[in-house]
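Written out below as structure tokens is the structure these notes cover.
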Amino acid sequence: MQRRIAPAASLSGEIGLPGDKSISHRYAMIAAIAKGQTRIRNYSTGADCRSTLGCLRALGVRVEGSGTEFAIEGKGLGGLSAPAADLDAGNSGSTIRMLSGILAAQPFRSRIFGDESLSRRPMQRILRPLTEMGARIRARAEQYPPLEIEGSPLRPIDYALPVASAQVKTCVLFAGLFADGATSVAEPARSRDHTEIALREFGADVAVTGSRITVVGRPKLTGRELFVPSDLSSAAFFIVAALLVPGSRLAIRGVGLNPSRSALLDFLTSMGARIGIPDLECRNGELVGDIVVEHSTLRGGTIDGGLTAALIDEIPVLAVLGAATEEGLTVKDASELRLKETDRIRTVIDNLRRMGVAAEELPDGMVIPGRQKFRAARFDSFGDHRIAMAFAVAALLADGESTIDGAEAASVSFPEFWDTLDAIARS
């Protein structure tokens, strides 16, 4: 699908966004292995989270509902059933990586695969710790999906992540739920902690000491009533758009403001962004609040080290922002971007250059000078939802109408993106 985008004179209004993708995945997976019913409101509408529900149904879990509200009848730690066919994770790295931690402990064989993009994403980071726990997993070329998992009893481990990754951490902690004893994961840098919060909500014994997270195996998990806050990663596109387009003032309601994710707001504020949070509350262990953002003149900055891990999903749209700041943006320590749905370093640089924006590609990041103008262009999403949405934001600042090929990719995480953009963009 091709989408045309005209420059915007301003952005204004009040919007609500889909439920957080990361939290939705975790709630659904834990609900499936808990006892009793879990009701989830504001579940993500993205295709990735639908892939998770599809896999759970194939494992014998009763999932009822539609839209953003679902009821999941938990089967308990030992209640999942052998799937009659291969499990389809679609485009979802979260689904295949996190669910593999659960599948590794089941008393049956399963095979989980994904689309062409997911089939190119290496899985060594989960294969290594799961194998250490006693799992038996085969992968194509020893690293790529599909994964053939022969369920087996697992033993607890103390595992040090070589690279900060919330998905890998979650995979190991989920596997640790089935082991006798305590399983620990040490992080080299803090990653989002939705898994720790969700496990506690369901009744698991989770301890966090410094950079080490420990879960005690064989917990009694109990179904819950849960609400998913709106996705800050989805909000990032509208926050950046409102900061960049002159005359903009935008309110975004009910956004998840977990401290392990709020590095985005801290980083933008440090550059001079005018962002307010008038309301804040705690729901199911997660901070939730409204965000009000206004057009701002921004200094620019550097993303590296632990900040890179915290902002890894937002870097594509922050790269767009960087070109319009006073001092530009430098991104380092982001080699993980090359292993996403696309090589996001290369696809960001490619699309920026189509707009006439100077940008230097680094092995692990990029350098984008500031004070640049955006030329109307024809972009390519390369099938990547975050690339499609990031360059929709860039198009709002262009000197004429732009087009995006593969605009349908946004539906992976945010099917309502285009309608929401149309509702707030003023010509």
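Nothing in this text is a laboratory measurement; each read-out follows from the coordinates by a stated rule. The structure displayed is predicted, hence computed values, not measured ones. Methodologically, a virtual Cβ is constructed for each residue, glycine included, from the backbone with ideal geometry; neighbour enumeration extends over all protein chains shown.
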Item checked: For the chain, built as a Gaussian network whose Cα springs stay under 10 Å, the top-fluctuating residue of A32, A263, A310 -> A263
Notebook entry, point to check: Between D180 and E326, how many nm apart are label points set 7 Å from Cα along the C-beta direction?
Noted result: 6.4 nm
Next item on the list: Mind giving me the nanometre distance, one decimal, between the label points for Q143 and E361, set 7 Å out from Cα along Cα→Cβ?
Entry: 1.9 nm
Next item on the list: Return the loop-located chymotrypsin sites (Phe, Trp or Tyr not before Pro) in the stretch 1-110 (DSSP other than H, G, I, E, B) with at most 11 other Cβ atoms within 10 Å of their own Cβ; answer none if there are none.
Entry: none
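List the relative contact order of the stretch 21-227 as a percent without decimals, with contacts defined as Cα pairs under 8 Å and 6+ residues apart.
Details: 484 pairs, mean separation 44.5, N = 207.
About 21 percent, as a whole number.
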Checklist line | Electrostatic dipole magnitude of the chain [Cβ: Lys, Arg +1; Asp, Glu -1; Cα centre; debye, to 20] | finding: 660 debye
Item checked: Inter-probe distance in nm under a simple model that places probes 7 Å from Cα toward Cβ, at T403 and A82 -> 5.2 nm
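May I ask which of K21/K169; K21/K332; K169/K340; K75/K340 have a Cα-Cα span longer than 23 Å here?
Where the Cα-Cα span goes over 23 Å, the pairs concerned are K21/K332; K75/K340.
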Check: Here are several values of mean projected area of the Cα convex hull in nm²: (i) 17.8; (ii) 22.8; (iii) 19.5. Which one was derived from the coordinates shown?
Finding: (i)
Check: Which length gain, in nm to one decimal place, applies between S270 and E64 when the Cα-Cα distance is subtracted from 0.36 nm times their residue separation?
Finding: 69.7 nm
Notebook entry, point to check: Which whole-percent values make up P(r) of the stretch 277-427 when all C-alpha to C-alpha distances are grouped in 5 Å steps starting at zero?
Noted result: 2, 9, 17, 20, 20, 17, 10, 4, 1, 0
